[in-house]
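Every number in this text was worked out from the coordinates using simple rules, so none of it is lab data. The structure displayed is predicted, hence computed values, not measured ones. Cβ placement follows ideal geometry from the backbone for every residue including glycine, while neighbour counts extend to all protein chains displayed.
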Amino acid sequence: MTLDIEICSGTEAAGQQVAARIAALIRDKPDAVIGVATGSSPEPVYRALARYTDDGLDASGVRWFALDEYIGLPPGHPQSYRAVLERVLIRPLGLHPTSLHVPDGGAADPDEAAEAYEAAIAVAGVDLQILGIGENGHIGFNEPGTPFSATTHRATLTESTRRANARFFPSTNAVPVECLTQGLATIMRAGRIELVASGSHKADAVAAAVRGPVTEQCPASILQRHPDVRVNLDTDAAVAVYESS
Ligand code: GLP
């Protein structure tokens, strides 16, 4: 088993721990390529990382690649993942927006945009990928049933994911139906993976991902096949991992 599970006292502690490893990577390799997730889970990581840059860590040579983006939001929409990542990561770290790469959810041809993004990531080579996990075991926007072989592609959000993300929009109906997402094969090419999850609502998905069968019905279970994954959990998210072991 290659998954390393770390239980933290809370989300801030988990964020600090992951940020410390990212800071070490950046010191070691100032032009590192880092894959970044949206959602609430990674935000403590970005907050902790901003404290490192405040204290002198130079992250200006890093290139950041987002996992996914909604299709169809107007340019500059505050919930587009480009806008979110500029708000929670790029500006707090004092970085230039051109260091952030996000799939083009406004492209006239989303399939072409997916292909271009996949090519850009393949050339860059992600050193470390930060992941959250959905309640149904999705990573990025790879919903249950997505082939493990998928590269960056256009996808449809499940109703449960749209409901989960409705907290960022006026209503569930306002949540886009489609997105562009790195595929599972894209994510698996990252050199290292740091997954963060917190809260009891994630406990079943986390247990299925780390202890269940490796199946396309639980997209995150593919991580069991990756050689270098750390799963950072708070005690609530870790509950079912213990029950099922
Ligand atoms: C969205 C994102 C995922 C993220 C998931 C969980 O669907 N596309 O990358 O992991 O939400 O988000 P949260 O951490 O807010 O629960």
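When Val123 is tested against (1) within 16 Å of the ligand (Cβ to nearest atom); (2) assigned to a helix (DSSP H, G or I); (3) hydrophobic (A, V, I, L, M, F, W, C), exactly one condition is not met: (1). For the residues Thr146, Thr172, the requirement of being over 23 Å from Val62 (Cβ atoms), within 15 Å of the ligand (Cβ to nearest atom), of a type in the set (S, T, N, Q) and in contact with a strand residue (DSSP E or B) (Cβ under 8 Å, 6 or more places away or on another chain) singles out Thr146. Taking the criterion of being in contact with an Asp or Glu (Cβ under 8 Å, 6 or more places away or on another chain), touching a residue at least 60 places away in the same chain (Cβ under 8 Å) and either more than 20 Å from Thr156 (Cα to Cα) or more than 15 Å from the ligand (Cβ to nearest atom) (or both), the only residue of segment 53-71 that qualifies is Arg63.
Looking only at segment 1-20, residues that are in a loop (DSSP other than H, G, I, E, B) and farther than 12 Å from Arg230 by Cα come to 2 in all. With respect to the conditions (1) crowded, with 19+ Cβ neighbours inside 10 Å; (2) within 26 Å of His153 (Cβ to Cβ); (3) within 16 Å of the ligand (Cβ to nearest atom), Ala83 falls short on a single one, namely (1). Could you figure out which of (1) more than 29 Å from Asn165 (Cβ to Cβ); (2) surrounded by fewer than 18 Cβ atoms within 10 Å (Cβ to Cβ); (3) of a type outside the set (Lys, Arg) isn't true of Asp4? Of everything listed in (1) more than 29 Å from Asn165 (Cβ to Cβ); (2) surrounded by fewer than 18 Cβ atoms within 10 Å (Cβ to Cβ); (3) of a type outside the set (Lys, Arg), Asp4 misses just condition (1).
Each row is one residue, and each column tells you yes or no for (1) of a type in the set (Ser, Thr, Tyr); (2) surrounded by fewer than 18 Cβ atoms within 10 Å (Cβ to Cβ); (3) farther than 27 Å from Ser171 by Cβ; (4) away from the ligand (no atom under 14 Å from the Cβ).
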{"site": "Arg51", "(1), (2), (3), (4)": "no, yes, yes, yes"}
{"site": "Pro74", "(1), (2), (3), (4)": "no, yes, no, yes"}
{"site": "Thr98", "(1), (2), (3), (4)": "yes, yes, yes, yes"}
{"site": "Ala108", "(1), (2), (3), (4)": "no, yes, yes, yes"}
{"site": "Gly140", "(1), (2), (3), (4)": "no, no, no, no"}
